[in-house]
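The values are calculated or read from the model by the stated rules, or taken from the named source; none is laboratory data. Please read these numbers as outputs of a predicted model, since none were measured by experiment. Calculation scope for accessible area: heavy atoms of the full protein, side chains included, ligands and nucleic acids excluded. Shrake-Rupley method; radii C 1.70, N 1.55, O 1.52, S 1.80 Å.
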Amino acid sequence: MDAGTLSLLSLAELASARPELVGGKALGFTVLRAAGLPVPDGFVLTTAVHRAALRDSGRVPPAAAAEVAR
């Protein structure tokens with residue numbers, strides 16, 4: 001996974017993600033799923049998107065917003 005090109009990951013894709021890409025809390029979902037606990041489908045934004053939003057007064061970058069809207 002290339003942190004420079006990804007902005008959105010489904011929870012199913014998190015098993016192969018690194019903490020620096022999606023954060024530790026998001027990776028916690030993989031632990032819950034592996035334990036057989038019910039985790040609803042969903043998605044996470046990457047840490048790169050989060051940092052960009054913080055730099056831009058809390059606004060999600062347009063490319064990431066478009067990806068979420070799909």
Of those in segment 6-25 that are part of a loop (DSSP other than H, G, I, E, B) and either farther than 16 Å from Val68 by Cα or of a type outside the set (Gly, Ala, Ser) (or both), the residue most open to solvent (accessible area, probe 1.4 Å) is Arg18
Restricting attention to segment 57-67, does a residue exist that is in a loop (DSSP other than H, G, I, E, B) and open to solvent by less than 40 Å² (accessible area, probe 1.4 Å)?
yes
